[in-house]
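Throughout, read-outs are computed from the coordinates displayed, never taken from laboratory work. Not measured: the values here are computed from a predicted model. Every residue, glycine among them, receives a Cβ derived from its backbone with ideal geometry; neighbour counts consider all protein chains shown.
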Amino acid sequence: MTTLFRLACLCLLALAAGCTTAPAARPAARPPLLLVSIDGFRADYLDRGHSPALEALAREGVRGQGLEPAFPSLTFPNHYSLVTGRYPDHHGIVDNAMSVPGLGRFTLGNREAVGDGRWWDEAEPIWVTADRQGLKTATLFWPGSEASIHGHRPDYWLPYDGDMDYDARVDRVLHWLDLPPGQRPAFLTLYFEAVDSAGHYEGPQAAQTNQAIAQVDRALARLVAGLKQRGLYDHLNLIVLADHGMADTPPAQRIFLDDLVDPAHVQVVSTGAIAGIIPAPGHEAEVAAALLRPQPHMQCWRKADIPSRLHYGHNGRVPPLFCLAQVGWLITHNPGTVLHHGKAILGEHGFDNADPRMRALFVAHGPAFRAHARVPVFPNVDVYPLMTHLLGLRPAPNDGRYADVAGMLAPAAR
Ligand code: AMP
Ligand code: ZN
Ligand code: ZN
């Protein structure tokens, strides 16, 4: 059917239905956008030869030299920066662990807190932006997706289950893409944790980390095959990225807070690559003096004095004293083993976000993206304006810059 003939038919149909005005021009539906996060997939892992499906996507589409995480380079702060375009200081998820008067305690394992919108509503994630502007969304796990934020939720979502089989995760996303128009989501997410877990338990160089890279890559191969089967491979915009990288943290490289301050005189809010500390009432000067003096392998600041390049320390949720370990060192209690899901670790992230070891994966493929393109390192707050552009949404206020990422788009999609 020619376009003219189709228009004539539409006019006739409108007349037959008793319409006196021509139907309003509707923008053509944009391709769906699928955002995949491989937690802890350091930028250079892509060159190890264990991820053929991902390498093919990178070869055929866009490969970023790396995605610079926001500070601190932790999972929840960065997943929320990716979908809000806001630095943690501006979106309120300032750490994986927080203690805030009136709100209580936030940790990744605290389901009640993770599902409580009051922790998340300092910013607007893209599924809320999309819902406000009439697009459907689906999340197969994403920090924040289990909470009602400003009264909005994804249309389709599952409570986080780290044991859910990877093939089943992929199949659920493909099922959502099979929904009829009107029900089909325009924006979807998919999440895998195995690469981060192996990096923590065994270190970034370990054979187990390479096995986890291969395991996630098999899930991506299944996704690509499913998209090809549906004729969607070239008609869906796919972004595969990570929240941060991973650094070796050998057990000898620990900093014991209790050797520096009396544990009875502080509330330690978080430990690891960073530590947030609230002095007990009456002990402010003593605790500050002990921490703020020069320390080997660690630097502490009053929150107002944190270097401005880190964009951190103005949010009320950041504790008054804040310490950052040198990359490879961890801040903990004495005696204390640093744990991930109850197991001792050899790798960690959370460090200075400018360190190359914290750099994350970025690969994109689809009709909006250039083919065979390489782009330089860029900050992850740019991903939100990139995604709102792809979906034709008006972005909420954010810290990212569309201009940083426009160069990766095919000219017609800019
Ligand atoms: P991290 O401790 O910073 O390495 O965070 C990684 C961990 O975050 C994963 O191993 C999961 O246990 C947890 N996680 C990731 N996504 C979610 C989610 N949507 N809800 C709850 N926990 C999550
Ligand atoms: Zn992570
Ligand atoms: Zn991690």
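Observations on the model:
- Estimated FRET transfer efficiency when R0 is 22 angstrom, pair SER148-ARG230 (beta carbons, to 0.05): 0.10
- Each label was represented as a point 7 Å from its Cα along the Cα-to-Cβ direction; for HIS333 and GLU286 these points are 1.9 nm apart.
- Annotation: the residues SER148, SER51, sorted from fewest to most other C-beta atoms within 10 Å of their own C-beta, follow the order SER148, SER51.
- Simple label model, 7 Å out from Cα along Cβ direction - ARG118 to ALA206, nm: 3.9 nm
- The charge dipole of the stretch 270-325, taken about its Cα centre with unit charges on the Cβ of Lys, Arg, Asp and Glu (plus for the first two, minus for the last two), comes to roughly 180 debye.
- Test item: Cα-centred dipole of the chain, Lys/Arg +1 and Asp/Glu -1 on Cβ, debye: 1540 debye
- Charge context of LYS136, other residues only, Cβ under 11 angstrom, K/R +1, D/E -1: -1
- Counted by neighbouring Cβ atoms within 10 Å, the residues ILE213, ILE278 run from fewest to most as ILE278, ILE213.
- For the chain, DSSP calls about 55 percent of its internal beta bridges antiparallel.
- Averaging 1/r over every pair of different alpha carbons in the stretch 254-345 and inverting the result gives a Kirkwood radius of 13.5 Å.
- Separation of the stretch 132-181 and the stretch 296-310, taken as the distance between their Cα centroids, equals 37 angstrom.
- Here the simple spin-label model places points 7 Å from the Cα toward Cβ, and for ALA344 and GLN295 these points are separated by 2.2 nm.
- For the stretch 330-414, the calculated P(r), taken from all Cα-Cα distances in 10 Å bins from zero up to the bin holding the longest distance, is 14, 35, 23, 17, 10, 1 percent.
- Taking a Cβ cut-off of under 13 Å around SER37, the surrounding Lys, Arg, Asp and Glu residues balance to a net charge of -3, with basic ones at +1 and acidic ones at -1.
- When shorter helices are ignored and each DSSP H run of at least 4 residues is given -39500 (n - 2.57), the per-residue value for the chain at 222 nm works out to -8000 deg cm²/dmol.
- Rg/Rh for the chain (Cα atoms only, Rh after Kirkwood) is 1.02.
- Proximal lysines to LYS228, defined as alpha-carbon separation beneath 23 angstrom and excluding residues fewer than eight positions away on the same chain: LYS136
- Net +/- balance of residues flanking VAL327 in space, Cβ distance below 10 Å, scoring K and R +1, D and E -1: -3
- Cross-link partners for LYS343 among the aspartates and glutamates, with Cα-Cα distance under 17 Å and sequence neighbours closer than 8 places in the same chain left out: ASP163, GLU193, ASP196, GLU202, ASP248.
- The stretch 140-288: Rg to Rh, with Rh as the Kirkwood radius over Cα pairs: 1.12
- Expressed to the nearest 5 percent, the antiparallel share of DSSP beta bridges inside the stretch 222-373 is 90 percent.
- Rg followed by Dmax, in Å, when the stretch 197-285 is reduced to its Cα trace: 21.9, 66
- Bridge type composition, the stretch 95-211 - antiparallel percent by DSSP, nearest 5: 40 percent
- Cα-based shape type of the stretch 134-175, given that a ≥ b ≥ c are square roots of the gyration tensor eigenvalues and the cut on a/c is 1.5: oblate
- Residues ASP262, ASP39, arranged from fewest to most other Cβ atoms within 10 angstrom of their Cβ, appear as ASP262, ASP39.
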